Amino acid sequence: MDSAARVKKLKDAARRDQRNRKDPRFIRAMGFLIAKGLLKTNLNIAPQPNAKMDARDAFWAAQNCEPRIFEVLPAAILRFPRHFTNTRKLPQEFLTTLYQIKNGENGRDFKGIEFKKMNHWAHYRLPDARLKPLSEKRILKPFRLKPVSIQKLQEQVREGRFRSMTEALEAAIEKL
């Protein structure tokens, strides 16, 4: 390939990249990720903290414009599930990565992004203190306790030792 053909190919790629960066899918995905503190950029993109988007659009933005989105997209989908639709229509390999991150398993790299980096963002403390990393989120587990046990927990709460029965149970588990 001669230098003129190489230059033409690079110019075409640059034009395609400029066109893709003006695409609403890219702007919405980047605006959301910037607003949530998962990405920083020098591009002039307004934060969109309440954006709802098709997960396939964010995936498209990662594939065609900004590969860094692949690094934080699993964390965004797991932490902000109400902001993404059609997550089940993403490629199976990506869904497997999501499952492995959610369940604390080890996984494989995805599209050149190390699994370790994607997992890091799922457990990263964001600037918004209201949101907890996956490692700190509470997990709902129903238990069947005897009435006597419930009464003892309620007594502990009434006496002011604990704020809730959950806190009393967690304290008992910590002593084990």
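Given the Cα atoms of region 19-101, and with Rh set as the inverse mean 1/r over their pairs in the Kirkwood sense, what is Rg to Rh to two decimals? Mind dumping the intermediate values first?
Values: Rg = 11.7 Å, Rh = 12.6 Å.
The Rg/Rh ratio comes out at 0.93.
Which entries of Lys36/Lys141; Lys8/Lys52; Lys9/Lys102; Lys116/Lys141; Lys11/Lys89; Lys117/Lys175 have Cα-Cα distances beyond 31 Å here? It would help to have the intermediate numbers written out before the result.
Values: Lys36/Lys141 29 Å; Lys8/Lys52 38 Å; Lys9/Lys102 41 Å; Lys116/Lys141 28 Å; Lys11/Lys89 33 Å; Lys117/Lys175 34 Å.
Distance filter (> 31 Å) returns Lys8/Lys52; Lys9/Lys102; Lys11/Lys89; Lys117/Lys175.
Skipping prolines and chain starts, which residues have an amide H placed within reach, meaning under 5 Å, of the one on Met53, given they are 5 or more residues away or on another chain?
Those lying under 5 Å, H to H, from Met53 are Phe84, Thr85.
How far apart, in nanometres, would the label points at Ser149 and Leu10 be if each is projected 7 angstrom from Cα along the Cα-to-Cβ direction?
Simple spin-label model gives 6.9 nm for this pair.
Provide, as a two-decimal number, the C-alpha radius of gyration of the chain over 2.2 N^0.38 Å, N being how many residues it has. Show your work: numbers first, answer last.
Details: Rg = 22.5 Å, N = 176, 2.2 N^0.38 = 15.7 Å.
Dividing the Cα Rg of the chain by 2.2 N^0.38 Å gives 1.43.
Would you please state which residues of region 75-116 a label at Arg56 would reach in this model, taking the label point 7 Å out along Cα→Cβ and a backbone N cut-off of under 11 Å?
Of the residues in region 75-116, 86-91 have backbone N under 11 Å from the label point off Arg56.
Normalising by the residue count of the chain, find the relative contact order in percent from Cα pairs under 8 Å and 6+ residues apart. Don't skip to the answer; put the middle values down first.
Values: 166 pairs, mean separation 26.3, N = 176.
Relative contact order, the chain: 15 percent.
Rule-based calculations on the coordinates, nothing more; no lab input. Since the model is a prediction, treat every value here as computed from it, not as a measurement. Glycine also receives a Cβ, built like all others from the backbone with ideal geometry; neighbour counts cover every protein chain displayed.
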